Structure formats: C-alpha cells, structure tokens
Amino acid sequence: MTKPTGKTQDSTTAAVSDQPDLQTSNQLLNVTPEQDKLLESALRIKIMHTLSAEPLTSKQVAEKLNKTPGNIHYHIVKLYEGGLLELVRTEAAGGIIQKFYRSKGTMFHSEALRSLHFRKEDQTRHFTTRLTLSPQELAEFHQELLELITAWESKVTEGDEYGVEVMLGRLQSADAAAQPEEEVQQ
C-alpha cells in the first residue's frame with residue numbers, strides 16, 4: 001500500500017460531486033488508524049486505484065477486476081463508510097439505483113507507521129542498498145519508485161497477497177559518524 005497528505009471527510013459528510021479529485025499522483029492522503037486498517041488488503045488498494053480514474057459502480061469495478069459484484073460491493077461499502085471513497089452521483093436504471101464512487105486517493109500516509117512482519121519462510125526478498133543522490137535525483141528516484149509501486153497496485157493480478165515495505169532515508173555521513181557525539185551536535 002502506498003501511503004502519503006490530504007484531508008479526509010467523515011463518510012456522513014462526504015460531498016456528492018462531479019468535480020475531479022484535486023489530489024495529484026504525488027500527494028498523500030492522510031488516513032486515520034481506522035482507515036489504515038481498511039487499506040490492509042491488496043483488493044481494496046486495487047479498488048482505490050480503479051476508482052481513481054473515473055467514477056464507477058460496484059458492478060463496473062467488479063468487471064474491471066474480474067471479481068464477483070457482491071465481493072466488490074462489500075469492499076466498496078466498507079471503503080465508503082470509512083471515508084476513503086466519495087459518492088459522486090446516483091442514477092436510476094430500470095428501477096435500480098446505481099451508485100458511482102470515486103477514490104479520494106491512491107497514496108496514503110498514516111501516523112500508525114506499522115511495519116509488516118513476515119515469518120522467515122514467507123520472506124521472498126530483502127534488499128538493502130546505498131545511493132548517493134542530489135535533491136533533484138532523490139525526487140526523481142522517489143517518483144519512479146512510486147510509479148512502479150502504483151503500476152503493480154493497479155494491475156489485475158492473481159495469486160497470494162504480498163506485503164511490500166520500502167524505507168528511504170538520508171544516512172549520516174562517514175565523517176559525522178566518526179566524530180564524538182558532542183562535536184556532531186555543535
């Protein structure tokens with residue numbers, strides 16, 4: 001799950017609107033711990049991505065993801081009640097009320113900062129590396145990484161669910177690490 005900043009609305013006050021989502025692919029939607037828990041499913045992440053392109057009904061999402069309409073409807077209701085989807089419009093078609101939903105985001109930020117925990121036999125890959133990057137190169141690397149993750153989150157895939165955890169941070173320089181702590185603080 002990609003996690004980043006924006007405002008969430010309580011599901012009872014979610015506006016019905018045909019206006020496009022103001023969130024860009026580089027913005028993160030701040031989520032509560034409860035919303036974060038709702039996003040602990042690869043299928044729900046795929047639903048969020050599917051509903052980011054255009055407002056769709058549960059049935060349309062099910063067709064795009066090759067899933068049953070009942071299964072998708074269940075997850076859409078949970079995401080909507082959790083304030084992660086907005087109801088864009090309703091239409092009457094043959095006596096049936098169709099509800100069109102749109103995702104409020106596809107990248108999320110949570111203060112809960114949960115790490116994934118894998119059993120040793122379930123770990124498939126662990127990568128560690130070091131890069132030297134200028135601020136511009138760091139921004140480019142970050143964007144490319146997000147695009148790669150988003151592409152895989154959005155694909156219709158089959159099989160087992162895997163967790164992906166990426167941590168990126170600036171390392172203390174070798175010179176600073178060699179100095180006593182009080183000298184580094186000055």
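What residue, among those in the range 85-144 that are of a type in the set (Phe, Trp, Tyr) and touching an Asp or Glu at 6+ places or on another chain (Cβ under 8 Å), is modelled with the lowest pLDDT? Checking each candidate, the answer is Phe108. When Leu146 is tested against (1) in a helix (DSSP H, G or I); (2) within 22 Å of the chain's Cα centre (by Cα); (3) farther than 25 Å from Pro33 by Cβ, only condition (3) is not met.
Scan the range 66-78 and tell me whether some residue there is in a helix (DSSP H, G or I), hydroxyl-bearing (Ser, Thr, Tyr), out of contact with any strand residue (DSSP E or B) (no Cβ under 6 Å at 6 or more places or on another chain) and farther than 19 Å from Ile149 by Cα.
So in the range 66-78, the residues in a helix (DSSP H, G or I) come out as 69-78.
From the residues that got through so far, the ones that are hydroxyl-bearing (Ser, Thr, Tyr) too are 74.
Still in the list and also out of contact with any strand residue (DSSP E or B) (no Cβ under 6 Å at 6 or more places or on another chain): 74.
Add one more test, that the residue is farther than 19 Å from Ile149 by Cα, and what stays is 74.
Yes, that holds for at least one residue.
Residues in the range 97-148 that are surrounded by 10 or more Cβ atoms within 10 Å (Cβ to Cβ) and of a type in the set (Val, Ile, Thr): Thr106 only.
Of all residues in the range 86-115, those that are of a type in the set (D, E, K, R) have Cβ atoms under 7 Å from Cβ atoms of residues that are assigned to a loop (DSSP other than H, G, I, E, B) and exposed (fewer than 13 other Cβ atoms within 10 Å of the Cβ), 6 or more apart or on another chain, in Glu86/Ala15; Arg89/Val16; Arg89/Asp18.
Here is the figure for the range 40-62: residues that are more than 13 Å from Ser154 (Cβ to Cβ) and open to solvent by 40 Å² or more (accessible area, probe 1.4 Å) total 4.
For the range 63-114, filtering for residues that are more than 17 Å from the chain's Cα centre (by Cα), more than 16 Å from Ser154 (Cβ to Cβ) and among the hydrophobic types (A, V, I, L, M, F, W, C) leaves 8.
Just for the range 66-84: of the residues that are within 22 Å of Gln35 (Cα to Cα) and touching a residue at least 40 places away in the same chain (Cβ under 8 Å), which one is surrounded by the most Cβ atoms within 10 Å (Cβ to Cβ)? Please lay out each step first, then the result.
Step one: filter the range 66-84 for residues within 22 Å of Gln35 (Cα to Cα), giving 70-84.
With touching a residue at least 40 places away in the same chain (Cβ under 8 Å) added as a condition, the list becomes 78-84.
Numbers: Lys78: 15, Leu79: 23, Tyr80: 16, Glu81: 14, Gly82: 20, Gly83: 21, Leu84: 27.
The selected residue is Leu84.
As a summary of the residue check, Arg44 satisfies the conditions (1) in a helix (DSSP H, G or I); (2) modelled with pLDDT under 90; (3) not aliphatic (A, V, I, L, M) except for the one numbered (2).
The values are calculated or read from the model by the stated rules, or taken from the named source; none is laboratory data. What you are looking at is a predicted structure, and each value in this text was computed from that prediction instead of being measured. Cβ atoms come from the backbone with ideal geometry, glycine included; neighbour counts cover every protein chain shown. Ligands, DNA and RNA are excluded from the accessible area calculation, which covers all protein heavy atoms including side chains. Shrake-Rupley method; radii C 1.70, N 1.55, O 1.52, S 1.80 Å.
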